[in-house]
1. Does residue 64 fit the bill of being surrounded by 19 or more Cβ atoms within 10 Å (Cβ to Cβ) and more than 14 Å from ligand 1 (Cβ to nearest atom)?
2. Among the numbered criteria (1) closer than 21 Å to residue 173 by Cβ; (2) of a type outside the set (Gly, Ala, Ser); (3) at pLDDT below 95; (4) surrounded by fewer than 19 Cβ atoms within 10 Å (Cβ to Cβ), which single criterion is violated by residue 143?
3. Name every residue in the stretch 40-64 that is out of contact with any strand residue (DSSP E or B) (no Cβ under 6 Å at 6 or more places or on another chain) and not hydrophobic (A, V, I, L, M, F, W, C), in order of residue number.
4. May I ask you to list the residues in the stretch 142-171 that are in a strand (DSSP E or B) and under 15 Å from the mean Cα position of the chain (by Cα)?
5. In the stretch 70-106, how many are within 16 Å of residue 52 (Cβ to Cβ) and within 14 Å of ligand 1 (Cβ to nearest atom)?
6. Return a yes/no flag: does the stretch 69-77 have any residue that is of a type in the set (Val, Ile, Thr), closer than 23 Å to residue 154 by Cβ and exposed (fewer than 15 other Cβ atoms within 10 Å of the Cβ).
7. I'd like the full set of residues that are surrounded by fewer than 19 Cβ atoms within 10 Å (Cβ to Cβ), modelled with pLDDT of 95 or more and more than 10 Å from ligand 1 (Cβ to nearest atom), limited to the stretch 123-139.
8. Against the definition (at pLDDT below 95 and either of a type in the set (Gly, Ala, Ser) or away from ligand 1 (no atom under 13 Å from the Cβ) (or both)), how does residue 157 come out, yes or no?
Amino acid sequence: MLDLFEETLQPDITWIDHWLSPGAAFAAFAKLMDEVAWQQDEMNTPAGKMPFPRLTSWQGDPNAEYVYSGIRNVPKPWTPTVAMLKGQAEITANANFNSVLINRYRTGMDSMGWHSDKERELGDQPTIASVSLGGTRTFDFRHKKTRLTHTLRLTNGSLLVMRGRTQLDWAHRVPKEPKTQGERINLTFRWIHVREGE
Ligand SMILES: O=C(O)CCC(=O)C(=O)O
Ligand SMILES: [Mn+2]
């Protein structure tokens, strides 16, 4: 039955352009470049360890631990600009967040491959608020069964809220765009369910 309604399939999202004014967005971008402890993490591939094609940092409440590449990680404490954006995102998304993954795309050759945010700690139907700052990048959704795709352009100061079945039914990515100039920072605010007694 699914394919009869293919053209109406939509991820459960809200995208707000100009969520921050251009001035506020560029000010936040400049502060984050400075205050975030950027890391160059590595992934395991059949060819050995490779650097991720982006810089990353996790911040959050001290108990909001997450498992990433099989390793249990404690997030770094909230820095002022990240805490300010978290408060604003919580109001707009009408949700609470205790953790954020911050990604820095240094050029159009930095990227994030197809994935969905489905770590066990997030639960089945997480609300995730994604703030974009700096250069505009393409963001693709692909339906897991039909392969139908939807494309957004995530602009400076925009907010994308993903909720409901979005992570269950859709994958998403930020593809490489060799012609794109300009750095971009993205923050995905999440709620990590704390595992008691482990
Ligand atoms: O950079 C983006 O817009 C997406 C980041 C993302 O998907 C993630 O952090 O899981
Ligand atoms: Mn994601």
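The values are calculated or read from the model by the stated rules, or taken from the named source; none is laboratory data. Please read these numbers as outputs of a predicted model, since none were measured by experiment. Using ideal geometry, Cβ is built from the backbone for each residue, glycine included, and neighbour counts are taken over all protein chains shown.
1. Working: surrounded by 19 or more Cβ atoms within 10 Å (Cβ to Cβ): yes; more than 14 Å from ligand 1 (Cβ to nearest atom): yes.
So residue 64 fits the description; yes.
2. Result: residue 143 fails condition (3) only.
3. 44, 45, 46, 48, 53, 61, 62, 63
4. Start the filter on the stretch 142-171 by keeping residues that are in a strand (DSSP E or B), which leaves 142-143, 149-154, 158-162, 170-171.
If the condition is that a residue be in a strand (DSSP E or B) and under 15 Å from the mean Cα position of the chain (by Cα), then 152, 153, 154, 158, 159, 160, 161, 162, 170, 171 are the ones that fit.
5. Taking the stretch 70-106 first, the residues within 16 Å of residue 52 (Cβ to Cβ) are 70-71, 73, 101-106.
Filter once more, keeping what is within 14 Å of ligand 1 (Cβ to nearest atom): 101-106.
Counting residues in the stretch 70-106 that are within 16 Å of residue 52 (Cβ to Cβ) and within 14 Å of ligand 1 (Cβ to nearest atom) gives 6.
6. Taking the stretch 69-77 as the starting set, the residues that turn out to be of a type in the set (Val, Ile, Thr) are 71, 74.
Next, only the ones that are closer than 23 Å to residue 154 by Cβ stay: none.
No, there is no match, as no residue in the stretch 69-77 is of a type in the set (Val, Ile, Thr), closer than 23 Å to residue 154 by Cβ and exposed (fewer than 15 other Cβ atoms within 10 Å of the Cβ).
7. Our first condition is that a residue be surrounded by fewer than 19 Cβ atoms within 10 Å (Cβ to Cβ); within the stretch 123-139, this holds for 123-125, 136, 138.
When the remaining residues are screened for being modelled with pLDDT of 95 or more, the result is 125, 136, 138.
Once the filter is applied, which keeps residues that are surrounded by fewer than 19 Cβ atoms within 10 Å (Cβ to Cβ), modelled with pLDDT of 95 or more and more than 10 Å from ligand 1 (Cβ to nearest atom), the stretch 123-139 yields 125, 136.
8. Working: at pLDDT below 95: no; either of a type in the set (Gly, Ala, Ser) or away from ligand 1 (no atom under 13 Å from the Cβ) (or both): yes.
So residue 157 fails the test.
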